[in-house]
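Derivation of every value follows stated rules applied to the coordinates shown; laboratory data play no part. As the structure is a computational prediction, the values presented were derived from the model and not from experiment. Reconstructed Cβ throughout: ideal geometry from the backbone, glycine too, with neighbour counts over all protein chains shown.
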Amino acid sequence: MPIQTPAFKLICPSCGWSKVFPPMGDVRFQGQVPDKCPTCCGEQLNHAKPNIAEKMLVSIKAKL
């Protein structure tokens with residue numbers, strides 16, 4: 001039975017790029033979530049909890 005992970009936000013400390021990812025199942029495929037920043041190719045990405053507005057927007061986009 002799949003376990004849905006909560007929405008999460010990745011932030012690049014080098015350039016400030018960020019993206020909120022919608023809730024996903026327990027399996028993630030390669031390329032679904034970046035392992036480095038797509039803007040500056042920074043290797044370190046920080047995880048954060050999205051705020052309520054970001055969660056709502058990503059939820060709406062996922063349903064479209």
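Odds and ends about this structure:
- In the chain, the calculated helix contribution to ellipticity at 222 nm averages -6000 deg cm²/dmol per residue, counting -39,500 (n - 2.57) for every DSSP H run with n ≥ 4.
- THR39-GLN4 FRET efficiency (beta carbon distance; Förster radius 22 Å; 0.05 resolution): 0.20
- Sum of side-chain charges, THR5 neighbourhood, beta-carbon under 10 Å (Lys, Arg +1; Asp, Glu -1): 0
- A cut-off under 9 angstrom between Cβ atoms defines the neighbours of GLU43, and their net charge, with Lys, Arg +1 and Asp, Glu -1, is 0.
- Over the range 7-64: Rg over Rh, Cα atoms, Kirkwood Rh: 0.97
- Applying a 4.7 Å cutoff between beta carbons, the unpaired cysteines of the chain are CYS41.
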